[in-house]
1. Of everything in segment 209-262, what is small (G, A, S) and either in contact with a strand residue (DSSP E or B) (Cβ under 9 Å, 6 or more places away or on another chain) or over 18 Å from E164 (Cα atoms) (or both)? Give them in sequence order.
2. Exactly one of (1) in contact (Cβ under 8 Å) with a residue 60 or more places away in the chain; (2) of a type in the set (S, T, N, Q); (3) farther than 25 Å from V30 by Cβ; (4) in contact with an Asp or Glu (Cβ under 7 Å, 6 or more places away or on another chain) is unmet by N189. Its number?
3. Take the residues in segment 83-96 that are buried (at least 20 other Cβ atoms within 10 Å of the Cβ) and touching a Phe, Trp or Tyr at 6+ places or on another chain (Cβ under 8 Å); name whichever of them is farthest from Q73 (Cα to Cα).
4. Scan segment 149-166 for residues that are under 13 Å from the mean Cα position of the chain (by Cα), over 27 Å from L251 (Cβ atoms) and assigned to a loop (DSSP other than H, G, I, E, B) and jot them down.
5. Would you tally the residues in segment 234-270 being in a loop (DSSP other than H, G, I, E, B) and modelled with pLDDT of 95 or more?
6. Give G153, G118, G176 a once-over and let me know the one that is within 16 Å of M84 (Cα to Cα) and surrounded by fewer than 16 Cβ atoms within 10 Å (Cβ to Cβ).
7. Is it true that some residue in segment 212-233 is among the hydroxyl-bearing types (S, T, Y), more than 20 Å from T117 (Cβ to Cβ) and at pLDDT below 95?
8. Return the only residue of Y110, Y133 being at pLDDT 95 or above and crowded, with 19+ Cβ neighbours inside 10 Å.
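The values are calculated or read from the model by the stated rules, or taken from the named source; none is laboratory data. Note that this is a predicted model, so its numbers are computed, not measured. Because the Cβ atoms are built from the backbone with ideal geometry, glycine has one as well, and the counts that use them run over all protein chains shown.
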Amino acid sequence: MKLTAVITTRNEADNIANCIRSFDGFRGDVEVVVVDNASTDDTKAIASSLGARVFDRGPERSAQRNLGWREAQADWVIVLDADMILPRETVEEILAVASAAPDPSAPAAYWIPEVRTGKGIRVKARNFERSFYDGTAIDALRLFRRSLLAETGGYDENLIAGPEDWELDIRVLATGAKCAVLKHHLIHNEKRLSFRRMLAKKAYYSKSMAAYQAKWKGHPALKRQFGLFYRYFGVFVEHGKWRRLLRHPILASVMYLERIAVGVTYLFSR
């Protein structure tokens, strides 16, 4: 077994099959671990029928993920949400990483670029925005050596959905482990995510931000994640990225309008 895919779920009957089937053709090398949080639909039954090992854990995603990687039988772990799909070439790249001979100088964790599904200018703008974040303080690691998760203790279970990703990244990078960005991407199925639902989701995430900020007060990563300059300017222009921003003024305008709406939602939800 080369890779364990940890998938967290809660009423994901519409998505879980597509996520698990990302690994069709690779199940000799990949085990799938689904950690469910009190689903009332057929999520667990579907996952079991597709050969996943299914566990129950709550109350939040951090605890689910920790149970998942601790149950993992492989040396490498990828952490996914149920509405994510991995293209074949991405799985092949991940398995190549997991199959490589141990090398202390090689990356021990990876960020994975994301592409959102859907149509319309909002989706195009969100994909445009997301492309600027790869490997930055705004991104979140998803592929890990299991030993690295054990060394750091995994996700902080005092943080609910949202900042636990960023918080783990801080501790992973503090170990001195090398991290890199995968060449290939994952697909994030957000077809059901309307503008209103997106703002509600951001408001929910904001509930743990204060605890995260208090834990890492003064850390450079927080200055980038919550600083107006970096979030609205720096991340889009650093390392020559400003050229791409200028080449797509319409996408940039829609992106900034959404960024402003999210920022206002965050301020009023604190």
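1. Scanning segment 209-262 gives G227, G234, G240, A252, S253, A261.
2. (3)
3. Checked segment 83-96; the qualifying residue farthest from Q73 (Cα to Cα) is L86.
4. Y155, A161 - these are the residues of segment 149-166 that are under 13 Å from the mean Cα position of the chain (by Cα), over 27 Å from L251 (Cβ atoms) and assigned to a loop (DSSP other than H, G, I, E, B).
5. Of the residues in that region, 2 qualify.
6. From the options G153, G118, G176, the qualifying one is G118.
7. Taking every residue of segment 212-233 in turn, at least one turns out to be among the hydroxyl-bearing types (S, T, Y), more than 20 Å from T117 (Cβ to Cβ) and at pLDDT below 95.
8. Step by step, each of Y110, Y133 is checked, and only Y110 is at pLDDT 95 or above and crowded, with 19+ Cβ neighbours inside 10 Å.
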